[in-house]
1. With ARG99, ARG80 as the choices, which residue is within 18 Å of ASP6 (Cα to Cα) and basic (Lys, Arg)?
2. Which one of these is exposed (fewer than 13 other Cβ atoms within 10 Å of the Cβ), among the aliphatic types (A, V, I, L, M) and in contact with a strand residue (DSSP E or B) (Cβ under 7 Å, 6 or more places away or on another chain): LEU151, LEU187, LEU179?
3. Is it true that GLU35 is at pLDDT below 90, over 21 Å from GLY117 (Cβ atoms) and either surrounded by 16 or more Cβ atoms within 10 Å (Cβ to Cβ) or among the small types (Gly, Ala, Ser) (or both)?
4. Look at the stretch 18-32 and say how many of its residues are in contact with a Ser or Thr (Cβ under 8 Å, 6 or more places away or on another chain) and at pLDDT 90 or above.
5. If you check LEU95 against the conditions, is it under 22 Å from VAL66 (Cβ atoms) and out of contact with any Asp or Glu (no Cβ under 8 Å at 6 or more places or on another chain)?
6. Might you check whether a residue that is surrounded by fewer than 16 Cβ atoms within 10 Å (Cβ to Cβ) and either assigned to a loop (DSSP other than H, G, I, E, B) or not aliphatic (A, V, I, L, M) (or both) occurs anywhere in the stretch 113-123?
7. Can you work out which of the residues in the stretch 38-73 that are open to solvent by 80 Å² or more (accessible area, probe 1.4 Å) and within 17 Å of PRO113 (Cα to Cα) is modelled with the highest pLDDT?
Amino acid sequence: MPKAYDVVRDNRRHQWEKDRARAPLAVRARTGAVEHDTGLDSRDLVFHASYREIPAPCDLASTFGVPVGTVLLERTYRTRCADTAEPVELVTSCLVRDRLAANPDLLDATKEPWPGGTQHQLATVGIELDRIEERVTARAPTEDEARELGLPPGTPVIALCKTSYGTDGRVVEVSRVTLPGHRSTLLFTTPLERW
């Protein structure tokens, strides 16, 4: 894959997303998170989303603070460059379905890509994010991941688990992002207050 398609995922992206959540549609529609991370234009990308409802397994039920079996909305996203077959990253996001039900459009994959992304979606049902926690590990890909990402043999993946917390302290979203290790960079910038 050409260098132009490398992903640089900077943690400042979350504030960028939050700032856009309350912006007018014309501003939100200009660019999304993948465009932000790759520097590509939306015309260069092919986006696919699929949704399904799943019962919360033990680990996610515990994270969300809900009973096992609570209905979650699992959202799978794949965005690829128009001139490649492999997606930029593999993303699976889970949210508690009932917390989204006030806006039926949030349960409909045909409404994707959503201008303003998840933070704007959540704002439509009165949820504001307070913080986002990301845990990053490197590992060997599963066979499915290696095939889907078109990875050369021996290439590791970067596995990122993103947990989003609302201003009420509850977990709102858990996303698992799998990035190809040979064409992804994670950049953590920590602004420091001046003395």
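1. Numbers: ARG99 fails: within 18 Å of ASP6 (Cα to Cα).
Matching residue, one of ARG99, ARG80: ARG80.
2. Working: LEU151 fails: exposed (fewer than 13 other Cβ atoms within 10 Å of the Cβ); LEU179 fails: exposed (fewer than 13 other Cβ atoms within 10 Å of the Cβ).
Matching residue, one of LEU151, LEU187, LEU179: LEU187.
3. Numbers: at pLDDT below 90: yes; over 21 Å from GLY117 (Cβ atoms): no; either surrounded by 16 or more Cβ atoms within 10 Å (Cβ to Cβ) or among the small types (Gly, Ala, Ser) (or both): yes.
Considered against the rule, which asks whether it is at pLDDT below 90, over 21 Å from GLY117 (Cβ atoms) and either surrounded by 16 or more Cβ atoms within 10 Å (Cβ to Cβ) or among the small types (Gly, Ala, Ser) (or both), GLU35 comes out as no.
4. Residues meeting the conditions: 0.
5. Details: under 22 Å from VAL66 (Cβ atoms): yes; out of contact with any Asp or Glu (no Cβ under 8 Å at 6 or more places or on another chain): no.
Criteria not met by LEU95.
6. Checked against the condition, which is being surrounded by fewer than 16 Cβ atoms within 10 Å (Cβ to Cβ) and either assigned to a loop (DSSP other than H, G, I, E, B) or not aliphatic (A, V, I, L, M) (or both), the stretch 113-123 yields no hits at all.
7. Of the stretch 38-73, the ones open to solvent by 80 Å² or more (accessible area, probe 1.4 Å) are 43, 48, 52-53, 55, 58-59, 62, 67-68.
Among the residues that remain, those that are also within 17 Å of PRO113 (Cα to Cα) are: 43, 48, 52.
Details: ARG43: 84, HIS48: 93, ARG52: 98.
Residue satisfying both the conditions and the ranking: ARG52.
Residue-wise test of (1) outside any loop (DSSP other than H, G, I, E, B); (2) in contact (Cβ under 8 Å) with a residue 24 or more places away in the chain; (3) within 18 Å of SER164 (Cα to Cα).
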site: VAL8; (1), (2), (3): yes, yes, no
site: HIS36; (1), (2), (3): yes, no, no
site: GLU53; (1), (2), (3): yes, yes, no
site: LEU60; (1), (2), (3): yes, yes, yes
site: VAL66; (1), (2), (3): no, yes, yes
site: GLU74; (1), (2), (3): yes, no, yes
site: TYR77; (1), (2), (3): yes, yes, yes
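The values are calculated or read from the model by the stated rules, or taken from the named source; none is laboratory data. In this text the structure is predicted, and so the values were computed from the model without any measurement. Every residue, glycine among them, receives a Cβ derived from its backbone with ideal geometry; neighbour counts consider all protein chains shown. The area values use the complete protein model at the heavy-atom level, side chains included, leaving out ligands, DNA and RNA. Shrake-Rupley method; radii C 1.70, N 1.55, O 1.52, S 1.80 Å.
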